[in-house]
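Asks: Before we start, here is the structure in question, set down as structure tokens.
The values are calculated or read from the model by the stated rules, or taken from the named source; none is laboratory data. From a predicted model like this one, the values you see are computed outputs, not experimental measurements. Cβ: placed from backbone, ideal geometry, glycine included. Neighbour counts: every protein chain shown. Accessible surface areas use protein heavy atoms only, side chains included; no ligands, DNA or RNA. Shrake-Rupley method; radii C 1.70, N 1.55, O 1.52, S 1.80 Å.
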Amino acid sequence: MKILIIEDEVKTLQSIQQGLEENQWEVDIAYDGTIGFQLATRDSYALIISDIILPGINGLDLCRKLREANVSTPILMLTALGTTDDKIVGLDAGADDYLVKPFEFRELMARVRALTRRSNGLQPTANLLRIADLELNPDSKRVMRAGKEISLTAKEFQLLEYFLRHQGRVIPKVELAEKLWDLTFDTGTNIIEVYINFLRKKMDKDFDLKLLHTQIGMGYVLKVMN
């Protein structure tokens, strides 16, 4: 289990590397986005931690290129910009989470645990999870709908798996925030809505039968509407 750190600030990189290695992680490092991209597409990682401002390829473009290359490894973005709009830009580029500088190492470790925890504590099963013509394989991490493969990021996959394991039940935003992001829900952000929209575009947009529905004032539900 390895983590890739892409960071051009030497002190920050060394601090993160030391802390992760003390927590029994194997770490690879890159000082620019170009080398980071080469490593991320060549080797297998449990997590990629990347700054946004990088020489070569910046962190946002790096995220986009990795997702275009079908690299689904979770990506944690480090940024000095902490507004909601800045965070949404990072998520829209394909990142799974963000951490605003400066940060405490224990907060970084909480994000690392959340992003690398297999299926967020859900035990994988050989049985496919299905609803209508959509199926998800927890072991191979593949999602198919009507025979067509749907490419999801790690966080999108976790979100869909959670819905499939609780299909038919209205799930509040606070539950999604706590279970999938290990965060106390902040009503001032719309991260949940952003990811719901990402997921809908991939799993529902091109199909007549819509499966993921909003229950206004209550949350979201995955079900076949009568």
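Asks: Answer yes or no as to whether A132 is at pLDDT below 90 and small (G, A, S).
Replies: Spelling it out, it is not the case that A132 is at pLDDT below 90 and small (G, A, S).
Asks: In the stretch 74-99, which residue that is within 14 Å of the chain's Cα centre (by Cα) and of a type outside the set (A, V, I, L, M) is modelled with the lowest pLDDT?
Replies: Looking at the filtered set, the residue picked out is K87.
Asks: For L164, state whether it is at pLDDT below 90 and buried (at least 17 other Cβ atoms within 10 Å of the Cβ). If you could, list the steps in order and put the result at the bottom.
Replies: Numbers: at pLDDT below 90: no; buried (at least 17 other Cβ atoms within 10 Å of the Cβ): yes.
In short, no.
Asks: I need the helices (runs of 4 or more DSSP H) fully contained in the stretch 13-104, keeping only those with at least 3 residues that are among the polar types (S, T, N, Q).
Replies: By residue number, 33-42.
Asks: Which residues, counting only those in the stretch 135-153, are out of contact with any Lys or Arg (no Cβ under 8 Å at 6 or more places or on another chain) and open to solvent by 20 Å² or more (accessible area, probe 1.4 Å)?
Replies: Residues satisfying the conditions are N137, D139, S140, K141, R142, M144, A146, G147, K148.
Here is a yes/no grid of residues against (1) in contact with a strand residue (DSSP E or B) (Cβ under 8 Å, 6 or more places away or on another chain); (2) surrounded by 17 or more Cβ atoms within 10 Å (Cβ to Cβ); (3) at pLDDT 90 or above:
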| site | (1), (2), (3) |
| --- | --- |
| K173 | yes, yes, no |
| L176 | yes, yes, no |
| L180 | no, yes, no |
| Y195 | no, yes, yes |
| K201 | no, no, yes |
| D204 | yes, no, yes |
| H213 | yes, no, yes |
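Asks: Also: Can you tell which of L78, L60, L47, L39 is over 14 Å from V100 (Cβ atoms), touching a residue at least 24 places away in the same chain (Cβ under 8 Å) and open to solvent by less than 10 Å² (accessible area, probe 1.4 Å)?
Replies: The unique qualifying residue is L47.
Asks: Out of (1) modelled with pLDDT under 90; (2) farther than 21 Å from S151 by Cα; (3) within 15 Å of the chain's Cα centre (by Cα), what's the single condition that is false for V71?
Replies: (2)
Asks: Let me ask you something else. Condition first: among the charged types (D, E, K, R) and more than 11 Å from I49 (Cα to Cα). Now tell me which residues in the stretch 3-27 satisfy that.
Replies: Kept after step one, since they are among the charged types (D, E, K, R), are these residues of the stretch 3-27: 7-9, 11, 21-22, 26.
If the condition is that a residue be among the charged types (D, E, K, R) and more than 11 Å from I49 (Cα to Cα), then D8, E9, K11, E21, E22, E26 are the ones that fit.
Asks: Give just the number: which of (1) over 19 Å from T79 (Cβ atoms); (2) buried (at least 16 other Cβ atoms within 10 Å of the Cβ); (3) without any contact (Cβ under 8 Å) to a residue 24 or more places away in the chain does D28 not satisfy?
Replies: The single condition D28 does not satisfy is (3).
Asks: Looking only at the stretch 13-25, how many residues end up being out of contact with any helix residue (DSSP H, G or I) (no Cβ under 6 Å at 6 or more places or on another chain) and surrounded by 16 or more Cβ atoms within 10 Å (Cβ to Cβ)?
Replies: Within the stretch 13-25, the subset out of contact with any helix residue (DSSP H, G or I) (no Cβ under 6 Å at 6 or more places or on another chain) is 13-18, 20-25.
Of the ones still in play, those that are also surrounded by 16 or more Cβ atoms within 10 Å (Cβ to Cβ) are 13, 16-17, 20, 25.
Residues flagged as out of contact with any helix residue (DSSP H, G or I) (no Cβ under 6 Å at 6 or more places or on another chain) and surrounded by 16 or more Cβ atoms within 10 Å (Cβ to Cβ) within the stretch 13-25 amount to 5.
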